[in-house]
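The values are calculated or read from the model by the stated rules, or taken from the named source; none is laboratory data. Computed from a predicted structure; not experimentally measured. Here the Cβ positions follow ideal geometry from the backbone for every residue, glycine too, while neighbour counts run over all protein chains shown.
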(Lines give C-alpha, C1' and ligand atoms only; values in the text may rest on other atoms or scores of the structure.)
Protein backbone atom coordinates (compact mmCIF):
# COMPACT_ATOMS: atom_id res chain seq x y z
CA UNK A 1 0.00 0.00 0.00
CA UNK A 2 1.43 3.37 -1.03
CA UNK A 3 0.74 5.66 1.88
CA UNK A 4 2.12 6.65 5.24
CA UNK A 5 1.65 4.10 7.99
CA UNK A 6 -1.74 3.74 9.57
CA UNK A 7 -1.45 4.58 13.27
CA UNK A 8 -3.58 2.19 15.80
CA UNK A 9 -5.68 1.49 19.09
CA UNK A 10 -8.17 -0.57 21.31
CA UNK A 11 -9.04 -1.84 24.80
CA UNK A 12 -7.04 -4.72 26.23
CA UNK A 13 -9.07 -6.48 28.92
CA UNK A 14 -11.58 -8.13 26.60
CA UNK A 15 -8.84 -9.04 24.14
CA UNK A 16 -6.80 -10.85 26.77
CA UNK A 17 -9.74 -13.17 27.37
CA UNK A 18 -10.08 -13.82 23.64
CA UNK A 19 -6.39 -14.61 23.40
CA UNK A 20 -6.84 -17.42 25.88
CA UNK A 21 -8.73 -19.47 23.29
CA UNK A 22 -5.94 -19.10 20.74
CA UNK A 23 -7.56 -16.88 18.11
CA UNK A 24 -9.10 -13.42 17.98
CA UNK A 25 -12.17 -12.73 15.82
CA UNK A 26 -11.52 -10.31 12.99
CA UNK A 27 -14.42 -8.29 14.32
CA UNK A 28 -16.94 -9.18 16.96
CA UNK A 29 -19.37 -6.94 15.14
CA UNK A 30 -18.93 -8.54 11.72
CA UNK A 31 -18.47 -12.14 12.80
CA UNK A 32 -15.92 -12.70 10.05
CA UNK A 33 -13.51 -15.59 9.89
CA UNK A 34 -10.93 -15.58 12.69
CA UNK A 35 -7.20 -15.24 12.07
CA UNK A 36 -4.55 -17.36 13.83
CA UNK A 37 -2.99 -16.23 17.07
CA UNK A 38 0.32 -14.56 16.24
CA UNK A 39 1.71 -15.69 19.62
CA UNK A 40 3.86 -12.65 20.43
CA UNK A 41 3.64 -8.87 20.41
CA UNK A 42 6.14 -8.55 17.58
CA UNK A 43 4.44 -11.32 15.63
CA UNK A 44 1.04 -9.67 15.96
CA UNK A 45 2.43 -6.25 15.04
CA UNK A 46 4.26 -7.54 11.96
CA UNK A 47 1.20 -9.56 10.90
CA UNK A 48 -0.95 -6.45 11.28
CA UNK A 49 1.40 -4.36 9.18
CA UNK A 50 1.63 -7.07 6.51
CA UNK A 51 -2.16 -7.35 6.36
CA UNK A 52 -2.47 -3.58 6.19
CA UNK A 53 0.00 -3.27 3.34
CA UNK A 54 -2.00 -5.93 1.48
CA UNK A 55 -5.18 -3.90 2.09
CA UNK A 56 -6.53 -6.74 4.24
CA UNK A 57 -8.13 -4.42 6.77
CA UNK A 58 -10.07 -7.18 8.53
CA UNK A 59 -6.86 -9.07 9.20
CA UNK A 60 -5.04 -5.89 10.22
CA UNK A 61 -7.74 -5.04 12.75
CA UNK A 62 -7.58 -8.48 14.30
CA UNK A 63 -3.79 -8.52 14.56
CA UNK A 64 -3.61 -4.99 15.97
CA UNK A 65 -6.06 -6.10 18.64
CA UNK A 66 -3.88 -9.09 19.38
CA UNK A 67 -0.85 -6.80 19.71
CA UNK A 68 -2.74 -4.52 22.09
CA UNK A 69 -3.60 -7.47 24.30
CA UNK A 70 0.15 -7.73 24.95
CA UNK A 71 0.74 -3.97 25.21
CA UNK A 72 -2.58 -2.18 25.94
CA UNK A 73 -1.01 1.27 26.43
CA UNK A 74 1.04 1.30 23.23
CA UNK A 75 0.15 4.64 21.63
CA UNK A 76 1.24 3.75 18.10
CA UNK A 77 -0.79 0.55 18.11
CA UNK A 78 -3.89 2.34 19.40
CA UNK A 79 -3.60 5.01 16.74
CA UNK A 80 -3.11 2.42 13.99
CA UNK A 81 -6.18 0.47 15.00
CA UNK A 82 -8.28 3.64 14.98
CA UNK A 83 -7.33 4.44 11.40
CA UNK A 84 -7.82 0.90 10.12
CA UNK A 85 -11.25 0.73 11.76
CA UNK A 86 -12.26 4.02 10.14
CA UNK A 87 -10.89 2.99 6.75
CA UNK A 88 -12.80 -0.29 6.95
CA UNK A 89 -16.05 1.51 7.76
CA UNK A 90 -16.33 0.30 11.36
CA UNK A 91 -17.25 3.76 12.61
CA UNK A 92 -19.09 2.84 15.83
CA UNK A 93 -16.26 0.53 16.90
CA UNK A 94 -13.79 3.37 16.31
CA UNK A 95 -15.60 5.98 18.45
CA UNK A 96 -14.43 4.79 21.91
CA UNK A 97 -10.84 4.80 20.68
CA UNK A 98 -11.29 8.23 19.12
CA UNK A 99 -12.51 9.50 22.49
CA UNK A 100 -9.35 8.16 24.17
CA UNK A 101 -7.12 9.79 21.57
CA UNK A 102 -8.86 13.14 21.05
CA UNK A 103 -6.08 15.06 22.82
CA UNK A 104 -3.17 13.33 21.04
CA UNK A 105 -1.88 15.88 18.48
CA UNK A 106 -0.50 13.25 16.06
CA UNK A 107 -3.90 11.60 15.58
CA UNK A 108 -6.45 14.30 16.49
CA UNK A 109 -7.11 15.14 12.84
CA UNK A 110 -8.89 11.77 12.67
CA UNK A 111 -10.01 11.18 16.26
CA UNK A 112 -11.63 14.59 16.64
CA UNK A 113 -13.11 14.42 13.14
CA UNK A 114 -14.77 11.09 13.98
CA UNK A 115 -16.13 12.53 17.23
CA UNK A 116 -17.27 15.64 15.37
CA UNK A 117 -19.19 13.52 12.88
CA UNK A 118 -20.89 11.71 15.75
CA UNK A 119 -21.76 15.06 17.38
CA UNK A 120 -23.08 16.40 14.06
CA UNK A 121 -25.40 13.40 13.79
CA UNK A 122 -26.67 14.15 17.30
CA UNK A 123 -27.18 17.83 16.35
CA UNK A 124 -24.69 18.90 19.02
CA UNK A 125 -23.51 21.76 16.85
CA UNK A 126 -21.45 23.70 19.39
CA UNK A 127 -19.61 20.51 20.30
CA UNK A 128 -18.80 20.01 16.62
CA UNK A 129 -17.18 23.43 16.40
CA UNK A 130 -15.14 22.77 19.53
CA UNK A 131 -13.93 19.40 18.22
CA UNK A 132 -12.87 20.96 14.91
CA UNK A 133 -10.22 23.08 16.69
CA UNK A 134 -6.99 21.17 16.08
CA UNK A 135 -3.53 21.91 17.45
CA UNK A 136 -1.83 20.63 14.27
CA UNK A 137 -3.41 21.32 10.87
CA UNK A 138 -2.37 20.84 7.27
CA UNK A 139 -4.10 22.76 4.46
CA UNK A 140 -6.40 19.77 3.96
CA UNK A 141 -7.25 19.69 7.67
CA UNK A 142 -8.06 23.41 7.67
CA UNK A 143 -10.37 22.90 4.72
CA UNK A 144 -12.21 19.99 6.33
CA UNK A 145 -12.52 21.44 9.85
CA UNK A 146 -13.42 24.89 8.59
CA UNK A 147 -16.17 23.70 6.25
CA UNK A 148 -17.63 21.24 8.75
CA UNK A 149 -17.64 23.97 11.40
CA UNK A 150 -19.57 26.16 8.98
CA UNK A 151 -22.17 23.45 8.47
CA UNK A 152 -22.48 23.12 12.25
CA UNK A 153 -23.14 26.85 12.47
CA UNK A 154 -25.73 26.54 9.70
CA UNK A 155 -27.30 23.69 11.67
CA UNK A 156 -27.54 26.01 14.65
CA UNK A 157 -29.69 28.35 12.54
CA UNK A 158 -26.96 30.83 11.58
CA UNK A 159 -26.47 30.44 7.80
CA UNK A 160 -25.11 33.97 7.33
CA UNK A 161 -22.50 33.41 10.03
CA UNK A 162 -21.64 30.10 8.38
CA UNK A 163 -21.08 31.73 5.00
CA UNK A 164 -19.02 34.51 6.61
CA UNK A 165 -16.91 31.85 8.34
CA UNK A 166 -16.25 30.14 5.01
CA UNK A 167 -15.24 33.41 3.36
CA UNK A 168 -12.47 33.85 5.96
CA UNK A 169 -10.96 30.39 5.39
CA UNK A 170 -7.58 30.40 3.70
CA UNK A 171 -5.90 27.66 1.75
CA UNK A 172 -4.30 26.72 -1.58
CA UNK A 173 -5.67 27.96 -4.92
CA UNK A 174 -7.89 24.90 -5.45
CA UNK A 175 -9.63 25.67 -2.15
CA UNK A 176 -11.78 28.35 -3.77
CA UNK A 177 -14.12 25.91 -5.53
CA UNK A 178 -14.91 24.09 -2.28
CA UNK A 179 -15.51 27.35 -0.42
CA UNK A 180 -17.92 28.77 -2.98
CA UNK A 181 -19.69 25.43 -3.52
CA UNK A 182 -20.39 24.96 0.19
CA UNK A 183 -21.50 28.59 0.49
CA UNK A 184 -23.98 27.94 -2.32
CA UNK A 185 -25.32 24.81 -0.63
CA UNK A 186 -25.77 26.60 2.71
CA UNK A 187 -27.55 29.55 1.11
CA UNK A 188 -29.74 27.12 -0.87
CA UNK A 189 -30.65 25.15 2.28
CA UNK A 190 -31.52 28.42 4.04
CA UNK A 191 -33.83 29.50 1.20
CA UNK A 192 -31.63 32.48 0.23
CA UNK A 193 -32.28 32.10 -3.50
CA UNK A 194 -30.44 35.14 -4.87
CA UNK A 195 -27.38 34.49 -2.77
CA UNK A 196 -27.38 30.77 -3.66
CA UNK A 197 -27.70 31.50 -7.39
CA UNK A 198 -24.76 33.91 -7.27
CA UNK A 199 -22.58 31.39 -5.44
CA UNK A 200 -23.54 28.54 -7.78
CA UNK A 201 -22.75 30.62 -10.87
CA UNK A 202 -19.45 31.80 -9.42
CA UNK A 203 -18.39 28.23 -8.64
CA UNK A 204 -19.47 27.05 -12.09
CA UNK A 205 -17.17 29.61 -13.70
CA UNK A 206 -14.16 28.28 -11.77
CA UNK A 207 -13.00 26.17 -14.73
CA UNK A 208 -9.35 25.96 -13.55
CA UNK A 209 -10.55 23.77 -10.67
CA UNK A 210 -12.29 21.41 -13.09
CA UNK A 211 -9.19 19.34 -13.83
CA UNK A 212 -8.13 19.21 -10.18
CA UNK A 213 -11.54 18.23 -8.77
CA UNK A 214 -13.83 16.88 -11.53
CA UNK A 215 -16.05 14.97 -9.09
CA UNK A 216 -16.67 18.14 -7.09
CA UNK A 217 -17.45 20.01 -10.29
CA UNK A 218 -19.92 17.28 -11.24
CA UNK A 219 -21.66 17.56 -7.87
CA UNK A 220 -21.78 21.34 -8.28
CA UNK A 221 -23.51 20.96 -11.64
CA UNK A 222 -26.05 18.53 -10.16
CA UNK A 223 -26.76 20.87 -7.23
CA UNK A 224 -27.10 23.93 -9.47
CA UNK A 225 -29.32 22.08 -11.97
CA UNK A 226 -31.58 20.93 -9.14
CA UNK A 227 -31.72 24.54 -7.88
CA UNK A 228 -32.73 25.77 -11.34
CA UNK A 229 -35.44 23.13 -11.64
CA UNK A 230 -36.86 24.00 -8.21
CA UNK A 231 -36.99 27.63 -9.23
CA UNK A 232 -38.79 27.14 -12.54
CA UNK A 233 -35.83 27.21 -14.93
CA UNK A 234 -36.10 23.73 -16.47
CA UNK A 235 -34.49 24.81 -19.75
CA UNK A 236 -31.57 26.32 -17.86
CA UNK A 237 -31.11 23.12 -15.85
CA UNK A 238 -31.13 20.95 -18.98
CA UNK A 239 -28.66 23.23 -20.76
CA UNK A 240 -26.39 23.19 -17.71
CA UNK A 241 -26.32 19.36 -17.65
CA UNK A 242 -25.78 19.16 -21.42
CA UNK A 243 -22.88 21.63 -21.40
CA UNK A 244 -21.26 20.01 -18.37
CA UNK A 245 -21.58 16.54 -19.94
CA UNK A 246 -19.55 17.78 -22.89
CA UNK A 247 -16.89 19.29 -20.63
CA UNK A 248 -16.78 16.28 -18.30
CA UNK A 249 -16.51 13.86 -21.20
CA UNK A 250 -17.42 10.25 -20.52
CA UNK A 251 -19.34 10.83 -17.27
CA UNK A 252 -22.46 8.81 -17.97
CA UNK A 253 -23.77 9.37 -14.43
CA UNK A 254 -24.21 13.08 -15.12
CA UNK A 255 -26.22 12.39 -18.27
CA UNK A 256 -28.39 9.88 -16.38
CA UNK A 257 -28.89 12.41 -13.58
CA UNK A 258 -30.06 14.91 -16.21
CA UNK A 259 -32.63 12.47 -17.58
CA UNK A 260 -33.99 11.73 -14.13
CA UNK A 261 -34.08 15.42 -13.25
CA UNK A 262 -36.09 16.31 -16.37
CA UNK A 263 -38.58 13.50 -15.75
CA UNK A 264 -39.02 14.10 -12.00
CA UNK A 265 -42.37 15.38 -10.74
CA UNK A 266 -40.69 17.07 -7.79
CA UNK A 267 -37.06 17.94 -7.24
CA UNK A 268 -35.21 18.00 -3.93
CA UNK A 269 -32.01 19.91 -3.14
CA UNK A 270 -28.82 17.88 -3.42
CA UNK A 271 -28.10 18.75 0.22
CA UNK A 272 -31.10 19.17 2.53
CA UNK A 273 -29.61 19.04 6.07
CA UNK A 274 -26.43 20.15 7.86
CA UNK A 275 -25.55 16.47 8.28
CA UNK A 276 -25.71 15.93 4.53
CA UNK A 277 -23.68 19.12 4.06
CA UNK A 278 -20.87 17.84 6.28
CA UNK A 279 -20.98 14.54 4.41
CA UNK A 280 -20.68 16.46 1.13
CA UNK A 281 -17.52 18.13 2.46
CA UNK A 282 -15.94 14.74 3.16
CA UNK A 283 -17.15 13.26 -0.12
CA UNK A 284 -15.86 16.02 -2.37
CA UNK A 285 -12.50 16.31 -0.63
CA UNK A 286 -12.05 12.53 -0.62
CA UNK A 287 -12.65 12.32 -4.35
CA UNK A 288 -10.30 15.26 -4.95
CA UNK A 289 -7.39 13.44 -3.25
CA UNK A 290 -8.25 10.06 -4.78
CA UNK A 291 -5.10 9.59 -6.81
CA UNK A 292 -2.74 6.66 -7.29
CA UNK A 293 -1.20 5.84 -3.92
CA UNK A 294 -3.80 7.77 -1.89
CA UNK A 295 -6.73 5.40 -2.33
CA UNK A 296 -6.84 4.17 1.29
CA UNK A 297 -6.58 7.76 2.56
CA UNK A 298 -9.49 8.77 0.31
CA UNK A 299 -11.49 5.71 1.41
CA UNK A 300 -11.07 6.72 5.05
CA UNK A 301 -12.81 10.07 4.47
CA UNK A 302 -15.53 8.46 2.35
CA UNK A 303 -16.24 5.93 5.08
CA UNK A 304 -16.57 8.76 7.60
CA UNK A 305 -19.11 10.45 5.30
CA UNK A 306 -21.45 7.44 5.39
CA UNK A 307 -22.63 7.81 9.02
CA UNK A 308 -23.81 11.31 8.13
CA UNK A 309 -25.53 10.21 4.93
CA UNK A 310 -26.11 6.42 5.05
CA UNK A 311 -26.71 4.55 1.79
CA UNK A 312 -25.69 7.58 -0.28
CA UNK A 313 -25.30 6.30 -3.84
CA UNK A 314 -22.33 8.45 -4.92
CA UNK A 315 -20.39 7.66 -1.75
CA UNK A 316 -21.11 3.93 -2.01
CA UNK A 317 -19.98 3.97 -5.63
CA UNK A 318 -16.72 5.71 -4.79
CA UNK A 319 -15.99 3.32 -1.91
CA UNK A 320 -16.72 0.38 -4.20
CA UNK A 321 -14.42 1.79 -6.85
CA UNK A 322 -11.58 2.34 -4.37
CA UNK A 323 -12.13 -1.14 -2.89
CA UNK A 324 -11.59 -2.57 -6.37
CA UNK A 325 -8.40 -0.51 -6.80
CA UNK A 326 -7.18 -1.81 -3.43
CA UNK A 327 -7.70 -5.36 -4.75
CA UNK A 328 -10.74 -6.02 -2.57
CA UNK A 329 -13.18 -7.21 -5.29
CA UNK A 330 -15.59 -8.96 -2.89
CA UNK A 331 -15.98 -5.78 -0.84
CA UNK A 332 -16.33 -3.78 -4.05
CA UNK A 333 -19.22 -5.99 -5.15
CA UNK A 334 -20.88 -5.56 -1.74
CA UNK A 335 -20.76 -1.76 -2.00
CA UNK A 336 -21.95 -1.66 -5.61
CA UNK A 337 -24.89 -3.95 -4.74
CA UNK A 338 -26.07 -1.45 -2.13
CA UNK A 339 -26.76 1.17 -4.81
CA UNK A 340 -30.52 1.26 -5.55
CA UNK A 341 -31.91 0.51 -8.99
CA UNK A 342 -33.36 4.03 -9.39
CA UNK A 343 -29.99 5.73 -8.79
CA UNK A 344 -28.14 7.54 -11.56
CA UNK A 345 -25.19 5.35 -10.55
CA UNK A 346 -27.13 2.12 -10.97
CA UNK A 347 -25.99 1.13 -14.46
CA UNK A 348 -22.35 1.95 -13.78
CA UNK A 349 -22.59 0.01 -10.51
CA UNK A 350 -24.02 -3.01 -12.32
CA UNK A 351 -21.14 -2.90 -14.79
CA UNK A 352 -18.64 -2.66 -11.96
CA UNK A 353 -20.24 -5.68 -10.27
CA UNK A 354 -19.58 -7.69 -13.43
CA UNK A 355 -16.02 -6.43 -13.69
CA UNK A 356 -15.25 -7.43 -10.12
CA UNK A 357 -16.93 -10.81 -10.58
CA UNK A 358 -14.50 -11.34 -13.45
CA UNK A 359 -11.59 -10.39 -11.21
CA UNK A 360 -12.86 -13.08 -8.82
CA UNK A 361 -12.65 -15.50 -11.80
CA UNK A 362 -16.43 -15.79 -11.98
CA UNK A 363 -16.38 -15.15 -15.71
CA UNK A 364 -19.64 -16.88 -16.64
CA UNK A 365 -21.52 -15.00 -13.93
CA UNK A 366 -19.92 -11.73 -15.06
CA UNK A 367 -20.82 -12.28 -18.72
CA UNK A 368 -24.40 -13.22 -17.81
CA UNK A 369 -24.66 -10.05 -15.72
CA UNK A 370 -23.47 -7.90 -18.62
CA UNK A 371 -25.66 -9.71 -21.17
CA UNK A 372 -28.64 -8.63 -19.08
CA UNK A 373 -27.46 -5.01 -19.16
CA UNK A 374 -26.90 -5.20 -22.92
CA UNK A 375 -30.39 -6.56 -23.48
CA UNK A 376 -31.81 -3.64 -21.50
CA UNK A 377 -29.75 -1.07 -23.41
CA UNK A 378 -28.23 -2.46 -26.64
CA UNK A 379 -26.82 0.94 -27.62
CA UNK A 380 -24.45 1.26 -24.65
CA UNK A 381 -21.03 0.61 -26.17
CA UNK A 382 -19.43 0.45 -22.73
CA UNK A 383 -21.21 -2.83 -22.11
CA UNK A 384 -19.66 -4.32 -25.24
CA UNK A 385 -16.28 -3.12 -24.03
CA UNK A 386 -16.79 -4.72 -20.65
CA UNK A 387 -17.92 -8.05 -22.13
CA UNK A 388 -14.99 -8.08 -24.54
CA UNK A 389 -12.55 -7.25 -21.79
CA UNK A 390 -13.79 -10.14 -19.64
CA UNK A 391 -13.44 -12.56 -22.54
CA UNK A 392 -9.95 -11.22 -23.11
CA UNK A 393 -9.02 -11.64 -19.46
CA UNK A 394 -10.07 -15.28 -19.85
CA UNK A 395 -7.83 -15.39 -22.96
CA UNK A 396 -10.86 -16.10 -25.14
CA UNK A 397 -9.78 -13.60 -27.77
CA UNK A 398 -12.04 -15.07 -30.44
CA UNK A 399 -15.15 -14.25 -28.39
CA UNK A 400 -13.66 -10.87 -27.49
CA UNK A 401 -13.14 -10.04 -31.18
CA UNK A 402 -16.66 -11.23 -31.98
CA UNK A 403 -18.05 -8.94 -29.27
CA UNK A 404 -16.11 -5.94 -30.56
CA UNK A 405 -17.21 -6.72 -34.13
CA UNK A 406 -20.85 -6.43 -33.01
CA UNK A 407 -20.11 -3.17 -31.25
CA UNK A 408 -18.37 -1.61 -34.24
CA UNK A 409 -21.18 -2.75 -36.53
CA UNK A 410 -23.64 -0.82 -34.37
CA UNK A 411 -21.76 2.47 -34.93
CA UNK A 412 -22.96 4.50 -37.90
CA UNK A 413 -20.20 7.10 -37.89
CA UNK A 414 -17.26 6.52 -35.51
CA UNK A 415 -16.26 9.49 -33.36
CA UNK A 416 -13.28 10.23 -31.13
CA UNK A 417 -14.75 8.45 -28.09
CA UNK A 418 -15.00 5.23 -30.09
CA UNK A 419 -11.22 4.82 -30.29
CA UNK A 420 -11.24 2.29 -27.44
CA UNK A 421 -13.44 -0.16 -29.36
CA UNK A 422 -11.07 -0.23 -32.30
CA UNK A 423 -8.06 -0.41 -30.01
CA UNK A 424 -9.44 -3.38 -28.07
CA UNK A 425 -10.55 -5.11 -31.25
CA UNK A 426 -7.05 -4.65 -32.61
CA UNK A 427 -5.60 -6.25 -29.48
CA UNK A 428 -7.94 -9.24 -29.80
CA UNK A 429 -7.01 -9.86 -33.43
CA UNK A 430 -3.30 -9.40 -32.65
CA UNK A 431 -3.59 -12.09 -29.97
CA UNK A 432 -5.27 -14.34 -32.52
CA UNK A 433 -2.21 -13.74 -34.74
CA UNK A 434 -4.38 -12.05 -37.39
CA UNK A 435 -2.24 -8.97 -37.91
CA UNK A 436 -3.98 -8.17 -41.20
CA UNK A 437 -7.12 -7.50 -39.14
CA UNK A 438 -5.38 -6.07 -36.10
CA UNK A 439 -3.31 -3.32 -37.73
CA UNK A 440 -6.24 -1.47 -39.40
CA UNK A 441 -7.98 -1.29 -36.02
CA UNK A 442 -4.95 0.30 -34.37
CA UNK A 443 -4.57 2.81 -37.18
CA UNK A 444 -8.31 3.59 -37.03
CA UNK A 445 -8.02 4.19 -33.29
CA UNK A 446 -5.18 6.64 -33.94
CA UNK A 447 -7.16 8.28 -36.71
CA UNK A 448 -9.97 8.93 -34.21
CA UNK A 449 -7.60 9.93 -31.40
CA UNK A 450 -4.22 10.85 -32.94
CA UNK A 451 -2.31 11.47 -29.69
CA UNK A 452 -3.64 8.55 -27.65
CA UNK A 453 -0.52 7.23 -25.85
CA UNK A 454 -1.79 3.70 -25.25
CA UNK A 455 -2.47 3.17 -28.93
CA UNK A 456 0.82 4.81 -29.92
CA UNK A 457 2.65 2.55 -27.51
CA UNK A 458 0.96 -0.66 -28.60
CA UNK A 459 1.16 -0.13 -32.34
CA UNK A 460 4.73 1.16 -32.19
CA UNK A 461 5.81 -1.80 -30.09
CA UNK A 462 4.22 -4.34 -32.46
CA UNK A 463 5.83 -2.79 -35.53
CA UNK A 464 9.25 -3.00 -33.92
CA UNK A 465 8.65 -6.50 -32.60
CA UNK A 466 7.74 -7.67 -36.11
CA UNK A 467 10.75 -5.89 -37.69
CA UNK A 468 8.61 -3.55 -39.77
CA UNK A 469 8.21 0.24 -39.91
CA UNK A 470 11.00 0.52 -37.34
CA UNK A 471 11.45 4.29 -37.38
CA UNK A 472 7.69 4.91 -37.28
CA UNK A 473 7.29 2.44 -34.45
CA UNK A 474 10.04 3.98 -32.34
CA UNK A 475 8.67 7.45 -33.02
CA UNK A 476 5.19 6.40 -31.80
CA UNK A 477 6.58 4.96 -28.57
CA UNK A 478 8.66 8.08 -27.93
CA UNK A 479 5.50 10.19 -28.33
CA UNK A 480 3.69 7.93 -25.86
CA UNK A 481 6.50 8.36 -23.33
CA UNK A 482 6.47 12.12 -23.85
CA UNK A 483 2.74 12.12 -23.02
CA UNK A 484 3.11 9.85 -20.01
CA UNK A 485 6.65 9.99 -18.69
CA UNK A 486 5.56 8.61 -15.31
CA UNK A 487 3.89 5.52 -16.78
CA UNK A 488 6.34 2.74 -15.99
CA UNK A 489 4.77 0.35 -18.48
CA UNK A 490 5.11 2.75 -21.41
CA UNK A 491 8.69 3.66 -20.40
CA UNK A 492 9.39 -0.09 -20.25
CA UNK A 493 8.11 -0.42 -23.82
CA UNK A 494 10.59 2.20 -25.02
CA UNK A 495 13.42 0.43 -23.24
CA UNK A 496 12.41 -2.92 -24.68
CA UNK A 497 12.05 -1.40 -28.15
CA UNK A 498 15.67 -0.21 -27.92
CA UNK A 499 16.62 -3.70 -26.78
CA UNK A 500 14.90 -5.33 -29.75
CA UNK A 501 16.72 -2.91 -32.02
CA UNK A 502 20.06 -3.94 -30.47
CA UNK A 503 20.62 -0.54 -28.83
CA UNK A 504 21.40 -2.01 -25.42
CA UNK A 505 22.87 1.11 -23.79
CA UNK A 506 19.70 3.15 -24.40
CA UNK A 507 17.65 0.11 -23.39
CA UNK A 508 19.38 0.06 -20.00
CA UNK A 509 18.77 3.78 -19.52
CA UNK A 510 15.04 3.54 -20.19
CA UNK A 511 14.51 0.29 -18.31
CA UNK A 512 16.25 1.71 -15.24
CA UNK A 513 13.77 4.59 -15.37
CA UNK A 514 10.89 2.13 -15.70
CA UNK A 515 12.07 0.07 -12.72
CA UNK A 516 12.12 3.20 -10.55
CA UNK A 517 8.49 3.78 -11.46
CA UNK A 518 7.38 0.15 -10.99
CA UNK A 519 10.04 -1.61 -8.92
CA UNK A 520 7.97 -4.74 -8.22
CA UNK A 521 6.84 -5.51 -11.76
CA UNK A 522 8.25 -8.91 -12.83
CA UNK A 523 8.36 -8.15 -16.55
CA UNK A 524 10.27 -4.89 -16.19
CA UNK A 525 12.77 -6.59 -13.88
CA UNK A 526 13.14 -9.38 -16.43
CA UNK A 527 13.67 -6.89 -19.25
CA UNK A 528 16.28 -4.95 -17.29
CA UNK A 529 18.07 -8.19 -16.48
CA UNK A 530 18.29 -9.02 -20.18
CA UNK A 531 19.59 -5.55 -21.00
CA UNK A 532 22.21 -5.71 -18.22
CA UNK A 533 23.42 -9.08 -19.54
CA UNK A 534 23.90 -7.70 -23.06
CA UNK A 535 26.00 -4.77 -21.83
CA UNK A 536 28.19 -7.08 -19.74
CA UNK A 537 26.70 -6.32 -16.29
CA UNK A 538 26.00 -9.99 -15.60
CA UNK A 539 25.92 -9.87 -11.81
CA UNK A 540 23.28 -7.13 -11.93
CA UNK A 541 21.41 -9.12 -14.58
CA UNK A 542 21.22 -12.07 -12.21
CA UNK A 543 19.92 -9.82 -9.45
CA UNK A 544 17.13 -8.43 -11.67
CA UNK A 545 16.13 -11.90 -12.88
CA UNK A 546 16.00 -13.09 -9.27
CA UNK A 547 13.78 -10.17 -8.40
CA UNK A 548 11.58 -10.95 -11.42
CA UNK A 549 11.34 -14.60 -10.32
CA UNK A 550 10.26 -13.56 -6.81
CA UNK A 551 7.67 -11.02 -8.04
CA UNK A 552 5.09 -13.60 -9.15
CA UNK A 553 5.52 -13.64 -12.93
CA UNK A 554 3.20 -15.60 -15.21
CA UNK A 555 3.99 -19.36 -15.15
CA UNK A 556 5.32 -19.40 -18.72
CA UNK A 557 7.59 -16.45 -17.93
CA UNK A 558 8.82 -18.07 -14.73
CA UNK A 559 10.19 -21.02 -16.72
CA UNK A 560 12.19 -18.66 -18.96
CA UNK A 561 13.46 -16.60 -16.03
CA UNK A 562 14.67 -19.69 -14.18
CA UNK A 563 16.48 -20.86 -17.31
CA UNK A 564 18.23 -17.48 -17.58
CA UNK A 565 19.25 -17.66 -13.92
CA UNK A 566 20.79 -21.06 -14.61
CA UNK A 567 22.31 -20.53 -18.07
CA UNK A 568 22.28 -16.78 -18.80
CA UNK A 569 21.35 -15.57 -22.27
CA UNK A 570 22.59 -17.37 -25.38
CA UNK A 571 25.17 -15.64 -27.56
CA UNK A 572 23.69 -13.24 -30.05
CA UNK A 573 23.18 -14.81 -33.44
CA UNK A 574 22.93 -11.44 -35.07
CA UNK A 575 22.53 -7.87 -33.93
CA UNK A 576 19.27 -6.07 -34.26
CA UNK A 577 15.66 -7.05 -34.25
CA UNK A 578 13.53 -10.07 -33.38
CA UNK A 579 15.92 -12.44 -31.71
CA UNK A 580 14.69 -15.89 -30.74
CA UNK A 581 15.03 -18.05 -27.64
CA UNK A 582 14.70 -16.90 -24.08
CA UNK A 583 14.99 -13.24 -25.02
CA UNK A 584 11.60 -13.12 -26.72
CA UNK A 585 9.35 -10.67 -24.92
CA UNK A 586 6.06 -12.02 -23.75
CA UNK A 587 3.19 -10.86 -25.99
CA UNK A 588 1.02 -7.96 -24.94
CA UNK A 589 -1.25 -9.05 -22.14
CA UNK A 590 -5.02 -9.17 -22.21
CA UNK A 591 -6.81 -5.94 -21.43
CA UNK A 592 -7.91 -5.39 -17.86
CA UNK A 593 -11.51 -6.52 -17.30
CA UNK A 594 -13.04 -3.06 -17.53
CA UNK A 595 -14.17 -0.74 -20.30
CA UNK A 596 -11.61 2.04 -19.97
CA UNK A 597 -8.09 0.86 -19.07
CA UNK A 598 -6.05 -0.61 -21.84
CA UNK A 599 -2.99 -2.83 -21.67
CA UNK A 600 0.56 -2.01 -22.57
CA UNK A 601 2.52 -4.25 -24.94
CA UNK A 602 5.04 -6.47 -23.27
CA UNK A 603 3.66 -5.74 -19.83
CA UNK A 604 0.73 -5.73 -17.44
CA UNK A 605 -0.41 -2.12 -17.82
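Here are the numbers for this structure:
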quantity: Residues located in the stretch 550-559, provided they are touching a residue at least 24 places away in the same chain (Cβ under 8 Å) and at negative phi; calculated: 551, 553, 554, 556, 557
quantity: Criterion violated by residue 16 - all others in (1) modelled with pLDDT under 80; (2) assigned to a loop (DSSP other than H, G, I, E, B); (3) more than 17 Å from residue 110 (Cα to Cα) satisfied; calculated: (2)
quantity: Matching residues, the stretch 193-216, being at pLDDT below 95 and surrounded by 24 or more Cβ atoms within 10 Å (Cβ to Cβ); calculated: 203
quantity: Residues located in the stretch 60-73, provided they are touching a helix residue (DSSP H, G or I) at 6+ places or on another chain (Cβ under 7 Å) and crowded, with 19+ Cβ neighbours inside 10 Å; calculated: 60, 61, 63, 64, 65, 66, 67, 68, 69, 70
quantity: Lone unmet requirement of (1) surrounded by 20 or more Cβ atoms within 10 Å (Cβ to Cβ); (2) at pLDDT 95 or above; (3) not in a helix (DSSP H, G or I) for residue 536; calculated: (1)
quantity: Pairs with Cβ under 9 Å, 6+ apart, first in the stretch 426-449 and in contact (Cβ under 8 Å) with a residue 60 or more places away in the chain, second surrounded by fewer than 19 Cβ atoms within 10 Å (Cβ to Cβ) and part of a loop (DSSP other than H, G, I, E, B); calculated: 430/587; 431/395; 431/587
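Let's see how each residue does on (1) surrounded by fewer than 24 Cβ atoms within 10 Å (Cβ to Cβ); (2) in a helix (DSSP H, G or I); (3) in the same structural domain as residue 532 (by TED's automatic domain parsing); (4) at positive phi:
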| site | (1), (2), (3), (4) |
| --- | --- |
| 445 | no, yes, no, no |
| 461 | no, yes, yes, no |
| 479 | yes, yes, yes, no |
| 490 | no, yes, yes, no |
| 512 | yes, yes, yes, no |
